[in-house]
Amino acid sequence: MAGNGRGRVLLSATGMDTGDWLALLSSRREAILEPDGADDPSISYAVAWKPPPGLLSGLPNLKAIFSIGAGVDHLIGDNTVPPEIPVVRVVNPNLSQHMCEYIVWRVLDHHRRGRTYRSQQVGRNWRGHPQPTSDEVTVGIMGFGELGSAVAEKLLALGFSVHGWSRSLREFDGIICHAGERGLEPFLAASDILVVLLPLTAATTGIVDHSLLAKLKRGGPLGGPVLINAGRGKLQKEADILRALDDGTLVEASLDVFETEPLPESSPLWDHPHVFITPHAAAESDPRFLVPAMLDQMDAHDRGEPLQNLIDRSAGY
Ligand code: NDP
Ligand code: OXD
């Protein structure tokens, strides 16, 4: 145990700047930055993003793992993470706000013909196009959880029709909800813009393929279906997305996540005129908002209170 009688926190974050995370964690608890702390019996909690395999199984008194992201595929995919240790994921208004901003930005850009007008500007071309209203456009949100439902609320307020798809059937005012395999086809058939906010699990890997895209609504007011993926890159098959864009199955795509990240320079997605790319930047975890919430949970757990936002290992998210 640390000097004040409370367990230490181990921070392990691959591919990220850890300075602010460590400083904020250290403001209320003793915190150690990996590679220090391996096998340390004084560590009670780990705060982790893509930790090195084996690290978390070596901590004899670990009480809980806090994922630095909402997605936990970085932990679930590592079979050295001890199955009996609870995993807390990020559910936070700041993260939801960032994701809402990203999705609303991309939906409106596709809806208001951003690509067409940007390319016209290059040619100094003064030409207007018919503009549907938002209520003529249906946005289908695939993955209707914390982020999907927050996004749905913003899109509804803008007047879009919204459908949601999840594993279990949800109820949400103003939204047509679908669930499971049986609900997938009607959900896709209603969607002009498909927003993917699913977690990456065994059941969702590669789900966004050509056959799925071919089931999206045809003949809608945007000239064809649009894809926005801010969930995980391995949900999508990029070769299929390119084929769908080239054969007219899709008209445009906004992609924030990729099968391989960073997106390799050789990827044809970079040059595709109908693809808009951001570098997994839709909703970054901001330690100023997330660390205090993690520390509060650690304190509450030490007092014997239950942890919030635990993942379901068997479902994989
Ligand atoms: P949640 O767990 O709250 O929601 C996940 C949703 O997906 C739920 O509605 C769930 O159904 C549904 N779902 C899961 N598996 C299936 C399935 N097999 N079939 C149908 N529906 C399924 O997650 P969040 O909303 O918090 O986050 C979603 C994902 O967003 C994260 O896992 C992460 O990958 C990604 N993300 C990306 C970021 C970025 O910057 N690009 C930032 C943050 C998150 P049910 O409601 O029945 O459980
Ligand atoms: C997350 C992410 O899962 O940033 O939170 O991708």
The Kirkwood hydrodynamic radius of the stretch 21-60, taken as the inverse of the mean 1/r over all distinct Cα pairs, in Å, comes to 10.8 Å
Tell me the mean residue ellipticity at 222 nm calculated for the chain from its helices only (DSSP H runs of n ≥ 4, each -39500 (n - 2.57), averaged over every residue, nearest 500).
-8500 deg cm²/dmol
Contour excess over end-to-end distance, with Cα ends at residue 214 and residue 277 and 0.36 nm allotted per residue:
20.5 nm
Mind pulling the angle between the C-alpha long axis of helix 287-302 and the longest principal axis of the chain? Nearest 10 degrees, somewhere in 0 to 90.
50 degrees
Distant alpha-carbon pairs in the stretch 160-218 (separation over 19 angstrom), percent:
24 percent
Separation between the residue 23 and residue 97 pseudo-spin-labels, each 7 Å from Cα along Cα→Cβ, expressed in nm?
2.0 nm
Relative to the compact-globule scaling 2.2 N^0.38 Å, provide the ratio for the alpha-carbon radius of gyration of the chain.
1.09
Extension gain, residue 136 back to residue 303 (0.36 nm per residue minus Cα-Cα distance, nm)
54.9 nm
Cross-link partners among lysines for residue 234, C-alpha distance below 21 Å, same-chain residues fewer than 8 apart left out?
50, 215
In nm, to one decimal, how far is the residue 265 label point from the residue 181 one, both placed 7 Å along Cα→Cβ?
4.5 nm
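The numbers here are math on the coordinates, done by the rules we state, and not lab data. Since this is a predicted model, take the numbers as computed values, not measurements. Cβ atoms come from the backbone with ideal geometry, glycine included; neighbour counts cover every protein chain shown.
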